[in-house]
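What follows is a short report on a single structure.
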Amino acid sequence: MKKVLLLPLLDSMPSGHHQVADAVREIIQMNSGEIASTKLDILSEWNTWLEKGIVAGYLGWIRRFPKSYAWIYRQFAYRSKSERPHKLYEILFMNKVRDLLEREQPDLVVCTHGFASLFINRLKESGECDIPTLNIYTDFFINDVWGCSHIDYHFVPSRMVKDALSSKYDIDGTRIFVTGIPISPKFEQRTRQEETGNPTVKRILLSGGSVGLGNLGDLVKKRVKGTNCRVKVLCGANRKLYEDIKRIPDEFAEAYPYISSKEEMNKIYDEVDAIISKPGGVTVSEALRKGIPVFISSALPGQEQINLQILKEMELVTLIPGDEDALDFTCRALQDEKMMQQFNEAADRYRKSIELSDSKSLFKVIQQMLERG
């Protein structure tokens, strides 16, 4: 039996890196009973308590000092390789990576986080690893933390990224596949039923990601009285936000804690007209697959700010002006035929640009990687 080893990062935070790894495992399992898959976090394998401390520190940092985090992220993720402290990483983690590969004996390694690919790339560069390796990028760009030069295969979010990656590292284009950001197969079909209530009442989904970040509570509390909409709020692990929304006395808002069920999340998507979200790669990709207009009210420092810039250029999201009430603006935009036509055309162009557009074609390519050895 062939074995796939998936390497995201930070086990205690259900990030996009883990969601993409889970989606790939789901695709493998639904298409074959002859391929085993294992998901491991290098940092947790090295030190579980340190991993939990890093997650807590990260969340506290971006909440309290977002500008400093954004500056550090850009300095860290966009410095030349000669300037970044790779030797320190190798001293700390490289032996653990060697041990993992020796213990797991995978036939294919899949990296959904830059750190994992950095280590595997280094081992392949030095001739210590000959296991076929696939990078799956979980944002709409590739930062310089990712190891790319000696990685065998790449799943990229767009044609633009494919061209840039091929040019920068002189990688054969046949080894780079435009997949979008892989998501669960359960989000592949739009199954929304016909309107049964008042069609002028817009239903808006507010999402703060897996940990409920952003200003969602403020968006709901300062809503315009005349706004003709209803909202569903995904609070993630943010218990305070969940309790705040639950205390709103009328039927204007529904609060949801972290949802792990893809079926339940798919049902919620089918019930809404738009989503107000941060520009996280997985959330935006799920909305685009479902054909739901995406409005951005805020972006976390670092990668989400860069995602936002790229998504705006591609006309795949709409940034809510800072002086506008987010819900009121979104409801008005949904009634603007020109805006909605522009979004639908951009989303259609993006979907048509994806080379592996469904789970079966994506699995077939992974299967070929395993067969080639």
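The values are calculated or read from the model by the stated rules, or taken from the named source; none is laboratory data. Bear in mind the structure is a predicted one, so any value in this text is a computation, not a measurement. Neighbour counts are summed over all protein chains in view; Cβ atoms, including those assigned to glycine, are modelled from backbone coordinates with ideal geometry. Only protein heavy atoms, including side chains, enter the accessible area calculation; ligands, DNA and RNA are left aside. Shrake-Rupley method; radii C 1.70, N 1.55, O 1.52, S 1.80 Å.
Sketch the reach of a paramagnetic label on Ser361 as a point 7 Å from Cα along Cα-to-Cβ, and name the residues of the range 271-306 whose backbone nitrogen lies under 19 Å away.
Residues 285-291 fall inside that zone.
In whole Hz, with x marking every Gly and Pro, tabulate ³J(HN,Hα) for the range 368-373 from phi via Karplus 6.51 cos²θ - 1.76 cosθ + 1.60, θ = phi - 60°.
5, 4, 5, 5, 5, x
Which order, highest average first, do 2-8, 354-360 follow once you tally other Cβ atoms within 10 Å for each residue and take the mean per peptide?
Taking the mean over residues of other Cβ atoms within 10 Å, the ranking is 2-8, 354-360.
Could you compute the FRET efficiency for Lys267 and Glu34, with r as their C-beta to C-beta distance and R0 at 35 Å, rounded to 0.05?
0.65
Within the range 201-351, what whole-number % of the accessible surface is contributed by carbon and sulfur, with the 1.4 Å probe and all protein chains included in the calculation? Please report the intermediate quantities before stating the final value.
Values: 3050 of 6650 Å².
Reported share for carbon and sulfur atoms: 46 percent.
Once amide H atoms are built 1.01 Å from N in the peptide plane, which residues 5 or more positions from Leu206, or in another chain, come under 5 Å H to H?
It is Lys232, Val233, Leu234, Ile276, by chain and number.
Going from most exposed to least, what order do His150, His18 have by accessible area with a 1.4 Å probe?
Details: His150 75, His18 10 Å².
The most accessible residue leads, giving His150, His18.
Give me P(r) over the range 258-308, computed from all C-alpha to C-alpha distances, binned every 10 Å, as integer percentages.
24, 53, 22, 1
State which entries of Lys246/Lys278; Lys39/Lys168; Lys39/Lys364; Lys202/Lys232 exceed 18 angstrom in Cα-Cα distance in the structure shown.
Distance filter (> 18 Å) returns Lys246/Lys278; Lys39/Lys168; Lys39/Lys364.
Highest mean first, what order results for 24-37, 258-271 on Cβ atoms within 10 Å?
Numbers: 24-37: 17.4, 258-271: 14.7.
Ranking the peptides 24-37, 258-271 by packing returns 24-37, 258-271.
List the residues, sorted by chain then number, that are 5 or more residues from Cys111 or on another chain and whose placed amide H is less than 5 Å from its amide H.
Leu7, Leu134, Asn135, Ile136
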